[in-house]
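The values are calculated or read from the model by the stated rules, or taken from the named source; none is laboratory data. Just so it is clear, the structure is predicted and the values come from calculations on it, not from any experiment. Note that we place each Cβ from the backbone using ideal geometry, even for glycine, and neighbour counts take in every protein chain shown. Only protein heavy atoms, including side chains, enter the accessible area calculation; ligands, DNA and RNA are left aside. Shrake-Rupley method; radii C 1.70, N 1.55, O 1.52, S 1.80 Å.
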Amino acid sequence: VPLKQAQLDTDPCYLEYEYIDGGSLAKLLADRPTEAPALLAWAANIVKGLARTVGAFHRLDPPIVHRDLKPANILLQRIPPDALHPDGIRLRIADFGIGGLAASQALEQTRAGSTTRGELLVTSLRGSHTPHYASPQQARGDPPDVRDDVHALGVIWYQMLTGDLTSGVGPDLTTDLADLGADDKTIDLLRQCVSAKAERRPEDAAELASLIDSLGGVGPKPRPGPKEPWNGE
């Protein structure tokens, strides 16, 4: 979701974004499949699409770290159905204002010769997080790392499978996923995403998207569309 304008010198300061009226990712849970094969494919496709988008800004130079990926920041936009969006729903990632502005300021400092590339990720985003989705490194205030976003995507993946947005990943992860019919490769990849050690996670979201794709059986699965024109409610 693009940032349209920013006013940082006013009181209060504010960021203005494009308005997306379709609600958040949480709305999709009401229509989630109930049978294991369809549920696994549905959740994997959601996370793969998000990971591709997040991976694009992870591989910018300098990389941008969102630091607050969660269902409330993933909005739904109604579009004409196509090959990539057979259900006519496009996911839009919101709340980039702080990350984008911080990266721009860091770039300006780099051009002025006052900041090295290794310092670009050490921004005002340090320590910001939502508890269920934050990696241990993020929770303790370490500098932003693209693998923080990978952790959050892993939590979102788990929640899409369980249908529960009220809690994060717990110690029963493996059992929960096995009970849902997930295979060993899917369980292993999701466990990597939410590993307490950053080095055990995929290196960035683009790699995660590729790894989900390699699982197989996660091609686009159309969902029944609404009978009446959808108005975002």
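Observations, loosely collected:
- Between Thr130, Thr162, the distinction of being polar (S, T, N, Q) and within 15 Å of the chain's Cα centre (by Cα) belongs to Thr130 only.
- In this structure, Thr166 does not satisfy being part of a helix (DSSP H, G or I), open to solvent by 20 Å² or more (accessible area, probe 1.4 Å) and free of Cβ contacts under 8 Å to residues at least 24 places away in the same chain.
- Looking at Pro12, Pro33, just one residue is over 27 Å from Asp145 (Cα atoms) and open to solvent by less than 40 Å² (accessible area, probe 1.4 Å), and that residue is Pro33.
- Number of positions in region 15-30 that are surrounded by 13 or more Cβ atoms within 10 Å (Cβ to Cβ) and part of a helix (DSSP H, G or I): 5
- Restricting the first member to region 26-45 and to residues that are on the phi > 0 side of the Ramachandran plot, and the second to residues that are crowded, with 16+ Cβ neighbours inside 10 Å and small (Gly, Ala, Ser), no beta-carbon pair is closer than 9 Å while six or more apart or on different chains.
- Qualifying residue in region 140-158 (condition: modelled with pLDDT under 90 and open to solvent by less than 30 Å² (accessible area, probe 1.4 Å)): yes
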